[in-house]
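A.B. asks: Structure below; questions to follow.
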Amino acid sequence: TKILSNHTSMETFLKFFDISTTFFTVLGYQMSYLEFVGTLLSLVSVYLVTRNNIWTWPIGNIAVILFGILFYQIQLYSDFIEQIYFFITGFFGWWAWLYIQKGRKKSASEDASIVYNSVISNGIYILVIALATIVAGYYMSIIHILLPQFFQEAASFPYLDAFTTIMSFAATILMAHKKIECWNLWIFVDIIGIWLYFTKGVLFISLLYVLFLILASNGLLNWRKTYKKSPR
């Protein structure tokens, strides 16, 4: 009886991670536990980063685990791989905000570490994003052929998905170093994400990206204001 009870508990637990398990229904749309919880945590994480709050990183890492499972189930494989990257850089970003900024100009406020990237660095980022998108998009388009044991279905929108993924990679690195340009990339990613997730039928995540767009725009304004006020 105890073994049966443990088995039932495990099945219930695993159902939480199944996109087909409905939490509640809104206007005919079946909301899964996975989409709902992952979306809320992502929203909290993005809000915290706009406020320059270090808790954005651990909360964000929980969200990317849930989103990674979700994206795998809806064949957005670039997004799935992106979540693995986000999980790793989440720890790096957490460490960076704690320690790397200490090597910058000493100030009574940590806000002084918010800076602009150089023009040359921005040009390099653009070039790398373009080239990496082409390469990643190609491999995502044939990943079901290369690794059929892991990816049984063809990727959806492989090049567009790769483009937003590579931009997110770059934006995360810039954000970890508190470079203001990170918000320009996040805004672009959010605009594409609104359409992409709506098309894939995960409407709550599409709505989340509308909120992300608002928060990213606000984050850009807040970081610019902070930069102007900070001593240099």
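A.B. asks: Name the residue that is surrounded by the fewest Cβ atoms within 10 Å (Cβ to Cβ), counting only residues in region 115-162 that are aromatic (Phe, Trp, Tyr) and over 30 Å from Lys225 (Cα atoms).
C.D. replies: Among those that are aromatic (Phe, Trp, Tyr) and over 30 Å from Lys225 (Cα atoms), it is Phe150.
A.B. asks: Farther than 24 Å from Leu70 by Cβ, crowded, with 17+ Cβ neighbours inside 10 Å and modelled with pLDDT under 80: does that describe Ala112?
C.D. replies: Judged against the criteria, Ala112 is a match.
A.B. asks: Looking at region 217-232, which of its residues are more than 18 Å from the chain's Cα centre (by Cα) and either open to solvent by less than 20 Å² (accessible area, probe 1.4 Å) or modelled with pLDDT of 85 or more (or both)?
C.D. replies: Leu221, Asn222, Trp223, Arg224, Lys225, Thr226, Tyr227, Lys228, Ser230
A.B. asks: Also, I was wondering about something else. Would you point out which residue out of Ile214, Ile180, Ile126 is touching a Lys or Arg at 6+ places or on another chain (Cβ under 7 Å), more than 22 Å from Leu76 (Cβ to Cβ) and modelled with pLDDT of 90 or more?
C.D. replies: The conditions single out Ile180.
A.B. asks: While we're on this one: Being within 22 Å of Lys200 (Cα to Cα) and modelled with pLDDT of 90 or more: is that true of Ala132 here?
C.D. replies: For Ala132, the condition - within 22 Å of Lys200 (Cα to Cα) and modelled with pLDDT of 90 or more - is not met.
Conditions tested, residue by residue: (1) modelled with pLDDT of 80 or more; (2) in a loop (DSSP other than H, G, I, E, B); (3) touching a helix residue (DSSP H, G or I) at 6+ places or on another chain (Cβ under 7 Å).
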{"residue": "Ser5", "(1), (2), (3)": "no, no, no"}
{"residue": "Ser9", "(1), (2), (3)": "no, no, no"}
{"residue": "Phe13", "(1), (2), (3)": "no, no, no"}
{"residue": "Phe23", "(1), (2), (3)": "no, no, yes"}
{"residue": "Met31", "(1), (2), (3)": "yes, no, yes"}
{"residue": "Phe36", "(1), (2), (3)": "yes, no, yes"}
{"residue": "Thr39", "(1), (2), (3)": "yes, no, yes"}
{"residue": "Ser42", "(1), (2), (3)": "yes, no, yes"}
{"residue": "Ser45", "(1), (2), (3)": "yes, no, yes"}
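A.B. asks: A follow-up question, please. Scan (1) at positive phi; (2) surrounded by 20 or more Cβ atoms within 10 Å (Cβ to Cβ); (3) not aromatic (Phe, Trp, Tyr) for the single condition Gly201 breaks and write down its number.
C.D. replies: Exception for Gly201: condition (2).
A.B. asks: Hey, another quick one. Of all residues in region 171-188, which are open to solvent by 10 Å² or more (accessible area, probe 1.4 Å) and not polar (S, T, N, Q)?
C.D. replies: Result: Ile173, Met175, His177, Lys179, Glu181, Leu185, Trp186, Ile187, Phe188.
A.B. asks: Here's something else I'd like to know. Go through (1) under 22 Å from Phe80 (Cβ atoms); (2) touching a Cys at 6+ places or on another chain (Cβ under 7 Å) and name the single condition Leu174 misses.
C.D. replies: If we test Leu174 against (1) under 22 Å from Phe80 (Cβ atoms); (2) touching a Cys at 6+ places or on another chain (Cβ under 7 Å), just (1) comes out false.
A.B. asks: Tell me which helices (runs of 4 or more DSSP H) are completely within region 134-232 and hold 3 or more residues being of a type in the set (Ser, Thr, Tyr), or say none if there are none.
C.D. replies: Once the helices (runs of 4 or more DSSP H) in region 134-232 are filtered for at least 3 residues that are of a type in the set (Ser, Thr, Tyr), what remains is 158-176, 203-229.
A.B. asks: Would you point out which residue out of Glu82, Glu35 is closer than 15 Å to Leu207 by Cβ, acidic (Asp, Glu) and in contact (Cβ under 8 Å) with a residue 24 or more places away in the chain?
C.D. replies: Glu35
A.B. asks: Tell me yes or no: at least one residue of region 72-86 is closer than 18 Å to Thr39 by Cα, aliphatic (A, V, I, L, M) and open to solvent by less than 10 Å² (accessible area, probe 1.4 Å).
C.D. replies: There is at least one residue in region 72-86 that is closer than 18 Å to Thr39 by Cα, aliphatic (A, V, I, L, M) and open to solvent by less than 10 Å² (accessible area, probe 1.4 Å).
A.B. asks: Still on this structure, I have one more. Quick check on my filter: what residues within region 139-187 are under 23 Å from Ser206 (Cβ atoms), under 19 Å from the mean Cα position of the chain (by Cα) and among the small types (Gly, Ala, Ser)?
C.D. replies: Once the filter is applied, which keeps residues that are under 23 Å from Ser206 (Cβ atoms), under 19 Å from the mean Cα position of the chain (by Cα) and among the small types (Gly, Ala, Ser), region 139-187 yields Ala155, Ser156, Ala162, Ser168, Ala170, Ala171.
The values are calculated or read from the model by the stated rules, or taken from the named source; none is laboratory data. Predicted, not measured: the structure shown is a model, and the values here were computed from it. Cβ atoms come from the backbone with ideal geometry, glycine included; neighbour counts cover every protein chain shown. These area figures cover heavy atoms from the full protein model, side chains too; ligands, DNA and RNA do not enter into them. Shrake-Rupley method; radii C 1.70, N 1.55, O 1.52, S 1.80 Å.
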